[in-house]
There are 2 protein chains.
Amino acid sequence: MQIMDKKSPIHITISERDDSVTITQWVYQTLRNAVMYGEILPGRALTIRELAGILDVSPMPVREALRQLAAENALEIQGNRRVMVPKMTAMKFSELCEARIAIESHAAARALPYIDRDQLSQLRVLDSLIDKAQEEKDLAQISTLNQNFHRALYTANPHQVTLPLIESLWLQLGPFMRLATSQLEEHYLVDRHNEAMTAIEKKDAFALQVAIAADIREGIAFAGTPEMLHAFIENAGT
Amino acid sequence: MQIMDKKSPIHITISERDDSVTITQWVYQTLRNAVMYGEILPGRALTIRELAGILDVSPMPVREALRQLAAENALEIQGNRRVMVPKMTAMKFSELCEARIAIESHAAARALPYIDRDQLSQLRVLDSLIDKAQEEKDLAQISTLNQNFHRALYTANPHQVTLPLIESLWLQLGPFMRLATSQLEEHYLVDRHNEAMTAIEKKDAFALQVAIAADIREGIAFAGTPEMLHAFIENAGT
DNA sequence: AATAATTGTTTGTGATCACAAAAGTAAGTT
DNA sequence: AACTTACTTTTGTGATCACAAACAATTATT
């Protein structure tokens with residue numbers, strides 16, 4: 001018995017629910033993707049009951065998923081106890097990018113000694129897939145594969161402590177990366193992964209750090225001029 | 001009606017509950033401190049109902065607090081859906097320390113331009129308090145003040161994104177830092193904060209990074225030789 | 001008519017209950 | 001005596017309910 005949507009309606013991409021995972025986990029993943037793909041606009045208040053209604057589950061799993069996402073800085077709990085996607089500012093965007101560079105280049109260097117033949121070939125596969133996606137100008141695919149490449153690199157280190165932190169940063173940047181890419185038809189990318197691959201093969205930690213830093217910078221550079229970034233942020237904020 | 005403790009009993013320091021905060025928040029803080037101070041040994045299974053009984057609250061707030069702490073990597077959810085304080089290994093300890101250095105030196109450099117007179121004087125106060133605590137060899141106080149010093153430094157940057165990540169690392173290292181310090185009567189600390197203070201006054205980012213890195217390294221150096229560290233980790237694990 | 005007070009509604013929080021999976025325990029078998 | 005099997009207990013998950021605080025809308029007051 002749906003009466004009215006008082007606020008802007010929320011559309012969330014809903015995937016099939018596997019019975020092997022708990023409802024909470026499914027809700028968590030669903031909401032995480034929604035945030036990552038910018039399906040929920042920043043500033044929009046999220047209520048437990050509304051989401052429970054949309055996802056057709058009881059309020060309980062939604063409560064837990066929201067709390068977890070808030071703990072990962074994907075969502076923000078205000079003093080009012082209201083939950084929303086945090087608004088972005090140009091400065092915060094910049095801070096997030098610089099944090100990515102600092103942590104990810106560190107993680108890359110730390111992973112380097114652990115990369116063996118298997119992992120190298122896995123990275124090569126991802127690298128070639130990215131090349132292919134780039135020819136086809138499949139932006140969504142590029143984004144996803146790029147993430148997989150970075151993740152595969154960092155997880156080579158079996159004593160992993162940085163990946164959760166990195167994922168948190170991705171999550172915070174996610175909505176705005178997508179927002180930007182979806183609007184851009186044209187954008188050229190220099191493929192820094194080849195550069196990273198050769199650095200890995202040579203076991204050159206410093207060169208790898210440079211390549212990762214460049215990749216991150218250029219990956220977000222397509223968001224373009226500060227003015228364009230500003231425009232997106234302003235639109236997202238209101 | 002308490003029957004029996006089948007496992008090793010858990011003692012958690014319980015503080016007064018302020019009515020202005022929610023029960024969940026209070027439980028979260030209480031458990032967080034317990035983890036930070038090493039009151040719960042790694043590997044010990046934590047059950048919702050047991051904690052609820054100890055803290056004299058219903059299971060619900062405990063559930064939420066546990067999930068939040070798990071999201072912050074302070075606790076670990078196993079495949080069994082069992083929750084425990086993660087076990088430490090020498091390699092993981094090393095990774096955590098190196099991650100601290102990478103992120104915190106970055107955060108320090110990023111905060112530097114924002115430090116004005118007020119914040120500088122606040123840092124000076126903390127610095128002198130640390131000196132005092134050091135004379136009195138009050139280890140717990142040194143630890144706390146040291147944290148406050150770092151936090152005050154990083155939060156000078158109003159566009160804060162790294163602090164939650166740093167706190168997560170502190171939380172993971174916490175139990176083992178305390179475990180180590182509590183056993184050591186003698187340990188000398190070179191005060192790197194003075195070094196950091198002069199770097200801040202000179203607005204010398206690189207010198208500040210060096211000082212922060214040195215402070216972190218020496219702050220954990222008292223854990224001593226790899227053998228000693230190993231001993232603590234082994235004991236904690238079993 | 002503009003502002004303040006009040007009422008009705010929505011929402012997060014916390015408690016309790018039901019249930020299936022997991023863990024622990026005891027009995028039975030080889 | 002060692003292992004398997006069956007049973008009991010414990011535990012996490014999810015649903016539902018009660019309540020107080022926050023929000024929205026209406027009415028009353030200046």
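The values are calculated or read from the model by the stated rules, or taken from the named source; none is laboratory data. Since we're looking at a predicted model, the values are computed, not measured. Cβ: placed from backbone, ideal geometry, glycine included. Neighbour counts: every protein chain shown. Areas reflect the complete protein model, heavy atoms only, side chains present, ligands, DNA and RNA absent. Shrake-Rupley method; radii C 1.70, N 1.55, O 1.52, S 1.80 Å.
Distances from B:SER58 to itself in the other copies, using label points 7 Å out along the Cα-Cβ axis, amount to 1.3 nm in increasing order.
Using the beta-carbon distance between A:LYS87 and A:THR47 and R0 = 22 Å, what value does 1/(1 + (r/R0)^6) give for FRET efficiency, to the nearest 0.05? For A:LYS87 and A:THR47, the calculated efficiency is 0.75.
Computed from the C-beta positions of A:ASP56 and B:MET60, the FRET efficiency with R₀ = 30 Å rounds to 0.85.
Remark: label point of A:ARG124 defined 7 Å out from Cα along the Cα-Cβ vector; separations to the same position in other copies 6.1 nm, ascending.
First check a/c for segment A:23-84, with a ≥ b ≥ c the square roots of the eigenvalues of its C-alpha gyration tensor; if it is under 1.5, answer rounded, and if not, answer prolate when a/b is larger than b/c or oblate otherwise. Rounded. Whole-percent P(r), segment A:63-209, all Cα pairs, 10 Å bins from 0: 10, 34, 35, 17, 4, 0. Given R0 = 51 Å, the distance between the Cβ atoms of A:ASP131 and A:SER20 translates into a calculated FRET efficiency of 0.90. For segment A:1-131, the square roots of the Cα gyration tensor eigenvalues, ordered a ≥ b ≥ c, give a/c of at least 1.5 with a/b greater than b/c, which places it in the prolate category. Placing a label point 7 Å from Cα along the Cα-to-Cβ direction at A:GLY43 gives distances to the equivalent points in the other copies of 5.3 nm, listed shortest first.
For the chain pair B and A, the interface hides roughly 2900 square angstrom of accessible area in total, found with a 1.4 Å probe.
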